[in-house]
Structures are given as C-alpha cells and as structure tokens.
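Since the structure comes first, as structure tokens, the remarks are kept for the end.
FYI, it's all coordinate maths here, none of it is from the lab. What you see is a predicted model; the values in this text were computed from it and never measured. Positions of Cβ are backbone-derived with ideal geometry, glycine not excepted, and every protein chain shown enters the neighbour counts.
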Amino acid sequence: MSILQVSLPGGRGYQISIEKGILRRCGEEIRKVYSGTDICIVTDSNVGSLYGEAVACSLKEAGFRVKTVTFPAGEKSKNMEGLVSLYDGMLSPEPFPMTRGGLIVALGGGVTGDMAGFAAATLFRGIPFVQIPTTLLAQVDSSVGGKVAVDLKQGKNLAGAFYQPRAVLIDPDTLCTLPDRVFGDGLAEVVKYGVLGDAELFALLSGCAGRKELMERMEEIIFTCCDAKRAIVERDEQDTGDRMLLNLGHTLGHAYEKLGNYETYMHGEAVSCGMVRILEIGEEQGFTCPGTAKQVAELLERFGLPTKAGEIPSQALRQVLAYDKKGSGGEITIVLCKEIGKGFLHKMPKAEFSRWACGE
C-alpha cells in the first residue's frame, strides 16, 4: 500500500491510501478513523451496481450499520434538487435515519464525491465522510483537498465548501471497469499535472501508447498526482494562492461545460479543450514557448480526448467569467505556462481576458 499524509492544522489531516483491492476491505480501514456505528453510502446508479454490495459487506463485517442512498448518474444530478434528494434519503427512517454521529461514504466519481461531501459538510452542520473514488478523475484530483460543491444555474460548483474527508481510499482496480471515454476523462487531469508542474510525469505519459501501458504504471501515476495536489493543498487549503494553479484549463473548460448544458462534454473533456486553448492564448500573448499547445494537444488526442471546443460567444464567456471563483471584482487570475512543467498565475482584467479568449 502507498500512503500519503495530508497535513492540515486543527487535527484535520488525513491519509490517502492507494492499494489494489482496498475497496473490498474498506471497513477495516474506515474503522481506523471512525469509532461510530452508522454509515450511509452515497453512490450513483452506475457505480452502485458495480461496487455498492462489496463496500456494504465490508462495512458490515467491520461492525457498522449500513444504508445506501443512490442518485441518477451524471452531472445533471449535481444541483440543489439532487442535494435535497440526498438529504431525504439520509434522513429516511428506513433502515435508520442518519444522525450527527454518523459517517458518509462517497463511493463513485467526482460528481458523487462533490455531492456527498457537500451533504456531509452541511447535514447537521457537518458530519464526517470518507472518499472512495472509483474513476481516474476522482482518484487523481477531486477526492483530495476537500473541495465539495453542487452546480447552480449560473455556473459550475458555485455552492460549496472546503470540507476535508477523514480518509481517501483509492483502489486502482476500479479503473478496469471504466468505459474508455470515462477513463480518458480522468487522463485530462493527469496530463494537467504534468503540464502544470511535472515534466517527468508528462514524459512518462508521452511514453505510453495507450490505456494498457498506462494501467501498468497506474499506481505510480495516481501517487504522483495525489502527492502534487497534497503539497499544494497543504500550502493553500482555501484556494487563495498556489491552489489556483490546479485550475489550468478550467476557466474555459467550465465555460465549455456550461454552454454545452453539461451534456456535450464531460468535465475532463472540457478541461482538455480549455487547457489547449489557454496554452494557445499563452503563445499568442508571448507567455508560453511556441509549440507547447501542439505538444499537449497531440498527447491528449492520442488518449482520445477532444482538444477543440470551438469559439465561445463573447457575451456567453463574459457571463461565465462574472461568476468564476478565481475572479474578484473586475479581475481574474488565470493559469498560464511558460513551458511543460512550469505553470504560473497571472492576474488581469476580466474584459481583457475575454478579448484574448474570444480572439477579439
């Protein structure tokens, strides 16, 4: 087993445990961080059928009472209506209602972790939760760092909190059941870590011809990504400085997601397009070494990811930027790169960035 320790003040630190098969013995791992009796598994309609029973059995074998709340899979469920549905399921008397002494297990991808984590942060003003991410995107990114949220009609992840889990249990074996599109969706975030701050990781990815070769190095890849995020979260838990670097490609990516009504692109696909476009902008404006965008696009395309989302109407982009969490007043902090492995933050007027992004 590979273990990373996320060190945070106030006794809020936790371990990230990476091991094949850990999902099927999650009960004994959760017993190390939770002494209560009642656990609610939150999962979606896809993951629940694959792993829900195995997780419930492990928890019961460890002496816990267990209930499961399932929601329809997909980003379309990640809103206030979906959150209320989770509350209703958790508080249902059958087989028992959750109380302040209970714990939530988020079993699934990024949507599940975000929704279950936000429910944990707000139900009874906060109850503990554990992340068991089953997609590559969730394992390398969204399960670590305590960002939990739901979408509003104005934009993605606008209602949320910083709320750290008690533990993150990562089982690379769950990646074997992912469709190629969902696996590729997570690879966008993996590539992001390489472009942002790890040229060696980018080289490792560039040396893999496809999914089979990636899976042979997957534990190393997951560990590298989680370690990078751990270091940034420890420096900037509240996302006011260095943690913004993790948003490489996300400002435009979130715009692509919203304009596609969260149906055209999966999150990683939109980030893939956003990452290439922001690198192109960097080259156009003299911040980024020429050819960087092409190099990144070729790697993403090899993994089956889109790299061109088309033009964003300027008015639509301005509306998205108005609610961007990296913005303050009339300014926004964007993530640029000098070259592969060297990302940096750049603050500028939103109006000027809009002109850059729209090619005006």
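Here is the link list: LYS76/LYS342; LYS20/LYS153; LYS147/LYS350; LYS212/LYS258; LYS20/LYS156; LYS32/LYS258. Which ones come out longer than 29 Å on Cα distance? Each step should come with its number before you reach the end.
Values: LYS76/LYS342 35 Å; LYS20/LYS153 38 Å; LYS147/LYS350 24 Å; LYS212/LYS258 32 Å; LYS20/LYS156 32 Å; LYS32/LYS258 40 Å.
Pairs exceeding 29 Å: LYS76/LYS342; LYS20/LYS153; LYS212/LYS258; LYS20/LYS156; LYS32/LYS258.
Please list the radius of gyration and Dmax for the stretch 161-218, considering alpha-carbon atoms only, with Å as the unit.
In Å, with Rg to one decimal and Dmax whole: 13.3, 39.
Extent of the stretch 143-262 along each principal axis, from alpha carbon coordinates, in Å, largest to smallest?
That gives 39, 34, 27 Å along the principal axes, largest extent first.
So how far apart, in nm, are the two label points at ALA209 and GLU352 if each is 7 Å from Cα heading toward Cβ?
The answer from the label model is 4.7 nm.
Using the basic label-point model (7 angstrom from Cα toward the beta carbon), what is the ARG217 to MET1 distance in nanometres?
For the pair ARG217/MET1, the computed spacing is 2.7 nm.
Enumerate the whole-percent occupancy of each 10 Å bin, from 0 to the last occupied one, for all C-alpha pair distances of the stretch 2-177.
Reading upward from the zero bin: 10, 44, 38, 8, 0.
State, as an integer percentage, the relative contact order of the chain based on alpha-carbon contacts under 8 Å between residues 6 or more apart.
15 percent.
What relative contact order, as a whole-number percentage, does the stretch 2-177 give when Cα pairs under 8 Å and 6 or more residues apart are counted?
Here the relative contact order equals 26 percent.
Using a basic spin-label model with each label point 7 Å from the Cα along Cα→Cβ, how many nm lie between ARG100 and GLU200?
Each label point lies 7 Å from its Cα, and together they span 4.7 nm.
For a quick size check, give me the Cα extents of the stretch 212-284 along its three principal axes, largest first, whole Å.
37, 34, 28
Counting other Cβ atoms within 10 Å of each Cβ, which GluC sites (Glu not before Pro) in the stretch 262-310 have at most 10 and sit in a DSSP loop? If you can, show how the numbers build up before the last one.
Details: sites: GLU263, GLU269, GLU280, GLU283, GLU284, GLU298, GLU301; in loops: GLU263.
Here the sparse-neighbourhood loop sites are GLU263.
For the chain, what is the mean residue ellipticity at 222 nm derived from helices alone (per DSSP H run of n ≥ 4: -39500 (n - 2.57); sum divided by total residues; nearest 500 deg cm²/dmol)? Can you show the working numbers first?
Working: 13 runs with 147 residues, N = 360.
That calculation yields -12500 deg cm²/dmol at 222 nm.
If each Cα of the stretch 180-358 is one equal point scatterer, what is log10 of I(q)/I(0) from the Debye formula at q = 0.11, 0.13 Å⁻¹?
Summing over Cα pairs of the stretch 180-358 leads to -0.44, -0.62.
Could you compute the net charge surrounding ARG24? Neighbours are other residues with a C-beta less than 15 Å from the C-beta of ARG24; K and R count +1, D and E count -1. Let's see the in-between values first.
Values: positive: LYS20, ARG25, ARG31, LYS60; negative: GLU19, GLU28, GLU29, GLU53, GLU61, ASP171, ASP173.
With Lys, Arg at +1 and Asp, Glu at -1, the net is -3.
In the chain, what % of DSSP beta bridges are antiparallel (nearest 5)?
Counting DSSP beta bridges with both partners in the chain, the antiparallel share is about 45 percent.
Could you tell me what fraction of 2.2 N^0.38 Å the Cα radius of gyration of the stretch 268-319 comes to, as a two-decimal ratio?
1.18
Enter the Cα centre distance for the pair the stretch 207-277 and the stretch 18-54, rounded to the nearest angstrom.
The distance from the Cα centre of the stretch 207-277 to that of the stretch 18-54 comes to 25 Å.
Let me see the pair-distance distribution of the chain: every alpha carbon pair, 20 Å bin width, integer percents in order.
Whole-percent P(r) values from 0 Å outward: 31, 58, 10, 0.
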